Amino acid sequence: MAIIRCNKCTLLAEQPDNLAGQSIACPKCGTPAPVYSTLFFIEKLLDKYFDAQREIIRLKAPAEPAKAVVAEAEPANPAEPDIDLANTDFLATEMQHGPIYDWFQKKQIKVQANMRGVDTSGFFDEVAEAIGSNFDVLKDVLERIRWSQQKEHASTTIHLEKRSPAEAKAISAFCQQLYDFSFVAKCFHNKPENNVRLILQTAPTIRNFFNGEWLEWHALMISLRYAKERQRRFSCARGLNLLLSNGDPYEIDVFMLIDGKLPICIECKSGEFRQNIDRYLALRKRLGLEAKQFVMCITGLSDENAKAFSAMYDLTFVNERSLAGHLGRLF
């Protein structure tokens, strides 16, 4: 059904779909009133609702104190509430994303956020941080799981005989963590044969995680921790969908807006990335960001190559280890 909304008598009523887009006499007062398609009406209603929510956020924001006459370091902006970043759904709200919507709206870019992308009440962030902190040792485990999932295998075996005792211990502990957090269905530690057998989960969210989304979670958590440690206000998003005015779609893996004015884009790649460099250069230019604000986080990329690529292109290349250092220099 379509919807009629009379601006004079405030009547709101259903109408036949074939009247959508027309103007008819209001059934109550007779004043000409537009008839909207239901989807269009709801979209406009939601736009007004979220605009009102963002205005509430702005009104509640504390006023900046007057600057002292004597020169001294400016205090950091108030941080987000004292929340456990690794276990909260506080960030998964329209209100938290409001400043990001406003920032892109000013650039006339349509944006849609994935609320669940920053809900850390699950275990995705914990496992991602474990991987990112020891990627050189755990990368073979990830590859075995990813390959087995793609081949629709029910299980995979992680061999430890060629590993040092320290590496074997770390891998065994990680596999147990995967089981404890239900990333795998079962975990068998076979000490006589020195291997670990994993029975895999088939849920799409788990498959996507091992197929590369773990790096997005890793980048998100590093960004959040840096912002909180420095007591900066922030808005964040993961899997942010953009639609430019020319119709080109983009997805930003991680987007941070620090103090409402410092945007940071992080693109996360655990596989081939070179064919997309021109596309990211175009997006950086469209967003009006400096090279240091548009980060390409590439797993396994050597520090030397990261430095070389950064010198060649107007983008900043880092790996899973050096991302934190780069963010530390930004804010």
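Can we say Leu289 is touching a residue at least 24 places away in the same chain (Cβ under 8 Å), outside the structural domain of Ser133 (by TED's automatic domain parsing) and in contact with a Lys or Arg (Cβ under 8 Å, 6 or more places away or on another chain)? No: the conditions fail for Leu289. A single entry from Leu215, Leu200, Leu243, Leu224 fulfils the requirement of being among the hydrophobic types (A, V, I, L, M, F, W, C) and loosely packed, with under 15 Cβ neighbours inside 10 Å: Leu243.
Among the residues of segment 149-172, the ones that are under 23 Å from Gly132 (Cα atoms), surrounded by 13 or more Cβ atoms within 10 Å (Cβ to Cβ) and not basic (Lys, Arg) come to 11 in all.
When you check Ser245 against the structure, is it under 16 Å from Ile109 (Cα atoms), among the polar types (S, T, N, Q) and in contact (Cβ under 8 Å) with a residue 60 or more places away in the chain, yes or no? Explain how you work it out, then say what you get.
On the way: under 16 Å from Ile109 (Cα atoms): yes; among the polar types (S, T, N, Q): yes; in contact (Cβ under 8 Å) with a residue 60 or more places away in the chain: yes.
Answer is yes for this residue.
Find all pairs meeting these conditions: Cβ atoms under 7 angstrom apart; at least six residues apart or on different chains; first residue within segment 133-152 and assigned by TED's automatic domain parsing to the domain that holds Ala173 and more than 16 Å from Arg207 (Cα to Cα); second residue buried (at least 16 other Cβ atoms within 10 Å of the Cβ) and of a type outside the set (D, E, K, R). Hits for this filter: Asn134/Ala170; Phe135/Thr299; Val137/Ala170; Val137/Ile171; Leu138/Ile131; Leu138/Ile171; Leu138/Phe174.
Can you tell me how many residues in segment 290-305 are in a loop (DSSP other than H, G, I, E, B) and surrounded by fewer than 18 Cβ atoms within 10 Å (Cβ to Cβ)? Counting residues in segment 290-305 that are in a loop (DSSP other than H, G, I, E, B) and surrounded by fewer than 18 Cβ atoms within 10 Å (Cβ to Cβ) gives 3.
Table: residues versus (1) at pLDDT 85 or above; (2) basic (Lys, Arg); (3) part of a loop (DSSP other than H, G, I, E, B).
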site	(1), (2), (3)
Asn7	no, no, yes
Asn18	no, no, no
Gly30	yes, no, yes
Lys44	no, yes, no
Gln53	no, no, no
Glu64	no, no, yes
Asp89	yes, no, yes
Tyr101	yes, no, no
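The values are calculated or read from the model by the stated rules, or taken from the named source; none is laboratory data. Because the structure is a prediction, the values reported are computed rather than measured. Positions of Cβ are backbone-derived with ideal geometry, glycine not excepted, and every protein chain shown enters the neighbour counts.
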